[in-house]
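*Asks:* There's a structure below that I have some questions on.
The values are calculated or read from the model by the stated rules, or taken from the named source; none is laboratory data. Computed from a prediction, not measured in an experiment: that's the story for all the values here. When we count neighbours, we look across all protein chains shown, and the Cβ atoms used for this are built from the backbone with ideal geometry, even at glycine.
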Amino acid sequence: MISRCDKERCESAGCYASLCVGAGISSNDEIFERSSLAIPGGVNSSIRAFRSVGGRPYVVAGAKGAHITDVEGRRYIDLVQSYGAVILGHAHPAVTQAVSAAAVDGTSFGAPTPREMKLAEAIRDRVPSCERVRFMNSGTEATSTAVRLARGYTGRDRVIIFHGNFHGATDALLAAGGSGVATLGLPGTAGVPAGAVGETMVVPYNIVPQLDEAVAAVIVEPVAANMGVVEPLPGFLEGLRAECDRVGAVLIFDEVITGFRLGVDGAQGRYGVTPDLTTFGKVIGGGLPIGAVGGHQAIMETLSPLGPVFHAGTLAGNPIATAAGLAALDILEPEVYEELERRASQLASLLEDACASAGVPAHFPRVGTLVGAYFGNGGQVYNFDDATTTDEAAYSRFFHAMLSEGVAMAPGAYETLFVGLGHTDSVMAALASAAQRAAVVAAQL
Ligand SMILES: Cc1ncc(COP(=O)(O)O)c(C=O)c1O
């Protein structure tokens, strides 16, 4: 039975109904139940439904800095940070002011704007491989555009992807991988026809595949951040560059997570390997919907209207999203990344200490500002087969123990843990104590 909120009663009980943005309901379960009658599974991105960790999701009423607050008024230290889209902390004043100012000027026009020009210039100036940048509305659109562009540019069809990398809900990239061997043309989900992945080959991460002249593109997460966090082995990215050069294929770095998160020039700056095309999302929108493809002028100008590869979007280059992204990039100077890296390092070691002292086998590898989590006694992780030795049930136990202690981790064992500028020293200290208590509880479950 779904009840309506009784505003007077709720206010006197200090409830957060006013933050319910008009839903008129003040409990997580009630909102989730009602949402499930209008939205399949009650969510707009599958992982949010908590299916892989069990239980019911919290429903967010608002967020500030490192914290999110649910509609029942419970506050959590947030390690999700919109899956990496938020880097300055939630509702950072620079972003909210930029968004308000842009909204007053109008929300969308279907014509060029100065804000999209400035964001494109900001990306071009910081990432040398991106001589031209085209915007769209999500990372998924970015990867699908990059693949179309690479195919159109080379006149070839085959695309190489790596098992355990994730490139969004792009049909051609939703291919299933075999264990440790190359596979071709197996749909990774219902609804993807065999034809859509007929030219998609899945190969193991961290091994340079031998390419041939049928290959249009190799797309890779230069640091894998969707199977925990896996660093590229020395020589892997360099090897991909050399193989692509040898056969004339386009090398695409999917930096939807790593772009402006690992550093000003992303993973390509960190490892000194230059891709032909880069896909962006998340951080470049300051927490608003955005995606982008950047790359060499000659390839980028194969896009319409200059070239034959079609691209369009009603809201592409949206003035509010580009304003938010610009506000974020303006703050993201190199020293900010040093600070974020220090915090990520603190996070990895406080989790490591908490689990070790409670006798919970786990390790938390860190690459720059990215932290992963693996539970159980598995060793070093180099690829998807290693990653999936993680003990998912142990992750779920720790996840729920942390949630009870007021810490929100991603509800899935293969996600990255994110810190932002909102994670101050006092937040990190609170996080350390919460993790110590949670690990003790998780060990007893
Ligand atoms: C590496 C990578 N590429 C692409 C995407 C898809 O981005 P979006 O969710 O904005 O469509 C994601 C999403 O998490 C991602 O992690």
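*Asks:* For the stretch 290-396, which helices (runs of 4 or more DSSP H) that fit wholly inside it have 2 or more residues that are in contact with a Gly (Cβ under 7 Å, 6 or more places away or on another chain)?
*Replies:* Of the helices (runs of 4 or more DSSP H) lying wholly inside the stretch 290-396, those with at least 2 residues that are in contact with a Gly (Cβ under 7 Å, 6 or more places away or on another chain) span 319-331, 334-358, 384-387.
*Asks:* Taking into account only those residues within the stretch 250-288 that are of a type in the set (Ser, Thr, Tyr) and under 15 Å from Thr369 (Cα atoms), which is farthest from the ligand (Cβ to nearest atom)?
*Replies:* Taking the candidates together, the pick is Tyr271.
*Asks:* Here is a further query. Determine whether Ala443 is touching a Gly at 6+ places or on another chain (Cβ under 7 Å) and either modelled with pLDDT under 95 or aliphatic (A, V, I, L, M) (or both).
*Replies:* Answer is yes for this residue.
*Asks:* Shifting gears a bit: Anything in the stretch 141-158 that is surrounded by fewer than 24 Cβ atoms within 10 Å (Cβ to Cβ) and either under 20 Å from Leu186 (Cβ atoms) or outside the structural domain of Ile290 (by TED's automatic domain parsing) (or both)? List them, or say none.
*Replies:* Scanning the stretch 141-158 gives Ser144, Arg151, Asp157, Arg158.
*Asks:* For residues in the stretch 238-265 being crowded, with 24+ Cβ neighbours inside 10 Å and among the aliphatic types (A, V, I, L, M), which is farthest from Ile331 (Cα to Cα)?
*Replies:* So the residue we want is Ala249.
*Asks:* Just wondering, is there one or more residues in the stretch 88-97 that are small (Gly, Ala, Ser), buried (at least 20 other Cβ atoms within 10 Å of the Cβ) and touching a helix residue (DSSP H, G or I) at 6+ places or on another chain (Cβ under 7 Å)?
*Replies:* So far as the stretch 88-97 goes, no, none of its residues is small (Gly, Ala, Ser), buried (at least 20 other Cβ atoms within 10 Å of the Cβ) and touching a helix residue (DSSP H, G or I) at 6+ places or on another chain (Cβ under 7 Å).
*Asks:* Residues in the stretch 266-281: is at least one surrounded by fewer than 20 Cβ atoms within 10 Å (Cβ to Cβ) and part of a loop (DSSP other than H, G, I, E, B)?
*Replies:* yes
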